[in-house]
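Here is the structure we will look at, set down as structure tokens.
No value in this document is a laboratory result; all are computed from the given coordinates. Just so you know, these numbers come straight off a predicted model, no measurement behind them. When we count neighbours, we look across all protein chains shown, and the Cβ atoms used for this are built from the backbone with ideal geometry, even at glycine.
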């Protein structure tokens, strides 16, 4: 049986914010890089929540910086128990976004 590389997750509400259109691609990228689908899908709600947080601050996709990640993680820690892998997951996201930007601009 062939293994599907498409994300097979669902969220309680549709993604919003500057990353909304890239969440499936991020999850698929992780799976294609060899992450277990269950691990990749754990990061999906984190990225969706980060995207909503960015939206509330009026941050556009091209403006996202590591500083936003740090502020978001502090915000999230006040409302939800942090997971050890959250900073790494968002770091992977930034790396992927920057790589895509370089690819598209070059």
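Between the range 49-82 and the range 17-32, how many Å separate their Cα centres?
So the separation of the two Cα centres works out to 16 Å.
In a Debye calculation with equal point scatterers on the alpha-carbon sites of the range 20-105 and no solvent, what is log10 I(q)/I(0) at q = 0.18, 0.23, 0.25 Å⁻¹?
With one equal scatterer per Cα and no solvent, log10 I(q)/I(0) is -0.78, -1.27, -1.45.
Just want the ordering: 23, 31, from fewest to most Cβ atoms lying within 10 Å of their own Cβ.
Placing the least packed residue first, the sequence is 31, 23.
Computed FRET efficiency, Cβ-Cβ of residue 81 and residue 56, R0 22 Å: what is it to the nearest 0.05?
About 0.55, to the nearest 0.05.
Using 7 Å Cα-to-Cβ label points, what is the residue 32/residue 65 separation (nm, one decimal)?
Roughly 3.0 nm, to one decimal.
What's the extension gain from residue 39 to residue 99 if we count 0.36 nm per residue and subtract their Cα-Cα distance?
Full extension from residue 39 to residue 99 adds 19.4 nm.
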